[in-house]
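Beneath this line is the structure, given in structure tokens, with notes to follow.
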Amino acid sequence: MTPQNGAPMMVPLLADPSRKGTYHGQFSALTAGPHRIELPVPDSQEDPLSRQVIVKVPDLEKDNPQRNDALLNEIAAGTGGRYYVGIPAARGDGGRLPPLVGQLKDRSRETPKSGDIDKPWEELWSTWLMCGIVGFLCLEWLVRRLSRLA
């Protein structure tokens with residue numbers, strides 16, 4: 001078996017016990033596109049038997065665009081979740097399931113950006129700055145008073 005742009009790979013053929021002289025083998029195509037299968041005929045000088053197979057990837061959503069509620073419900077139940085069909089069910093209008101909004105955990109958070117104003121820090125900084133300025137003025141007055149300059 002040889003993919004379009006790849007190295008050939010050997011596929012073992014096993015004898016079919018129910019039908020004498022019949023062999024079968026199986027391979028998984030890893031890429032889409034044409035693949036060539038060649039089978040050399042034992043004890044023959046002829047060219048090997050060859051066949052080209054075109055592999056296509058199925059587009060299941062285009063082939064059958066219907067919602068599979070049973071499968072979706074099974075997946076939700078298997079993962080510990082709930083399956084809501086439509087907006088009314090998510091709002092809890094049917095009464096069968098609790099509203100979806102109540103099931104969601106609040107994961108909001110505040111991320112400060114560079115340059116944002118931090119009110120508590122600004123108040124603390126202003127307080128300490130004011131105390132520092134007042135302290136230096138008092139110290140200057142005291143030095144002047146003791147030196148009899150004022």
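The values are calculated or read from the model by the stated rules, or taken from the named source; none is laboratory data. None of the values given here were measured: they were computed from a predicted structure. Note that each Cβ is placed from the backbone with ideal geometry, even for glycine, and that neighbours are counted across all protein chains shown. Please note that ligands, DNA and RNA were not included when accessible areas were found on the heavy atoms of the full protein model with its side chains. Shrake-Rupley method; radii C 1.70, N 1.55, O 1.52, S 1.80 Å.
Can you pull out every residue in the stretch 1-15 that is over 13 Å from Ile37 (Cβ atoms), part of a loop (DSSP other than H, G, I, E, B) and open to solvent by less than 100 Å² (accessible area, probe 1.4 Å)? Before the answer, list the steps.
Taking the stretch 1-15 first, the residues over 13 Å from Ile37 (Cβ atoms) are 5-7, 12, 14-15.
Checking which are part of a loop (DSSP other than H, G, I, E, B) leaves us with 5-7, 12.
If the condition is that a residue be over 13 Å from Ile37 (Cβ atoms), part of a loop (DSSP other than H, G, I, E, B) and open to solvent by less than 100 Å² (accessible area, probe 1.4 Å), then Gly6, Ala7, Pro12 are the ones that fit.
So that you can scan it fast, the table gives a plain yes or no per residue for (1) more than 30 Å from Met9 (Cβ to Cβ); (2) open to solvent by less than 100 Å² (accessible area, probe 1.4 Å); (3) hydroxyl-bearing (Ser, Thr, Tyr):
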{"residue": "His35", "(1), (2), (3)": "no, yes, no"}
{"residue": "Pro40", "(1), (2), (3)": "no, yes, no"}
{"residue": "Asp47", "(1), (2), (3)": "no, no, no"}
{"residue": "Ser114", "(1), (2), (3)": "yes, no, yes"}
{"residue": "Pro120", "(1), (2), (3)": "yes, yes, no"}
Review point. Scanning for something in contact with a Phe, Trp or Tyr (Cβ under 9 Å, 6 or more places away or on another chain) and not acidic (Asp, Glu), does the stretch 48-69 turn up at least one residue?
Key: no
Study note, to complete from the structure: When every residue in the stretch 70-112 that is among the small types (Gly, Ala, Ser) and assigned to a loop (DSSP other than H, G, I, E, B) is compared, the one surrounded by the most Cβ atoms within 10 Å (Cβ to Cβ) is Gly92
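Taking the condition of being open to solvent by 80 Å² or more (accessible area, probe 1.4 Å) and part of a loop (DSSP other than H, G, I, E, B), how many residues in the stretch 16-30 meet it?
Going residue by residue through the stretch 16-30, those that are open to solvent by 80 Å² or more (accessible area, probe 1.4 Å) are 17-20, 23-24, 26, 28, 30.
Next cut, part of a loop (DSSP other than H, G, I, E, B) only: 17-20, 26, 28, 30.
Total satisfying the criteria: 7.
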**Study point:** Candidate set: the stretch 113-132, residues that are assigned to a helix (DSSP H, G or I) and of a type in the set (A, V, I, L, M); chosen: the one farthest from the chain's Cα centre (by Cα)
**Key:** Met130
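Step by step: first the residues of the stretch 53-69, then only those that are open to solvent by less than 100 Å² (accessible area, probe 1.4 Å) and in a strand (DSSP E or B), then the one that is nearest to Pro8 (Cα to Cα). Which residue is that? Break it down into steps so the answer makes sense when it comes.
Going residue by residue through the stretch 53-69, those that are open to solvent by less than 100 Å² (accessible area, probe 1.4 Å) are 53, 55, 58-59, 64-65, 68-69.
From what's left, in a strand (DSSP E or B): 53, 55.
Values: Val53: 14, Val55: 16 Å.
Here the residue is Val53.
Taking the condition modelled with pLDDT under 90 and under 30 Å from Gln103 (Cβ atoms), does Ala89 pass?
On the way: modelled with pLDDT under 90: yes; under 30 Å from Gln103 (Cβ atoms): yes.
Against the criterion (modelled with pLDDT under 90 and under 30 Å from Gln103 (Cβ atoms)), Ala89 qualifies.
From Val53, Val57, Val85, grab the single residue that is under 24 Å from the mean Cα position of the chain (by Cα), in contact (Cβ under 8 Å) with a residue 12 or more places away in the chain and within 30 Å of Gln26 (Cα to Cα).
Of the residues listed, the single one that is under 24 Å from the mean Cα position of the chain (by Cα), in contact (Cβ under 8 Å) with a residue 12 or more places away in the chain and within 30 Å of Gln26 (Cα to Cα) is Val57.
Determine, yes or no, whether Ser50 is assigned to a strand (DSSP E or B) and of a type in the set (Ser, Thr, Tyr).
Numbers: assigned to a strand (DSSP E or B): yes; of a type in the set (Ser, Thr, Tyr): yes.
Judged against the criteria, Ser50 is a match.
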Review point. Using beta carbons and a limit of 7 Å, which pairs, at least six apart or on different chains, have the first residue in the stretch 134-150 and without any contact (Cβ under 8 Å) to a residue 24 or more places away in the chain and the second one open to solvent by less than 100 Å² (accessible area, probe 1.4 Å)?
Key: Trp141/Ala150; Arg144/Ala150
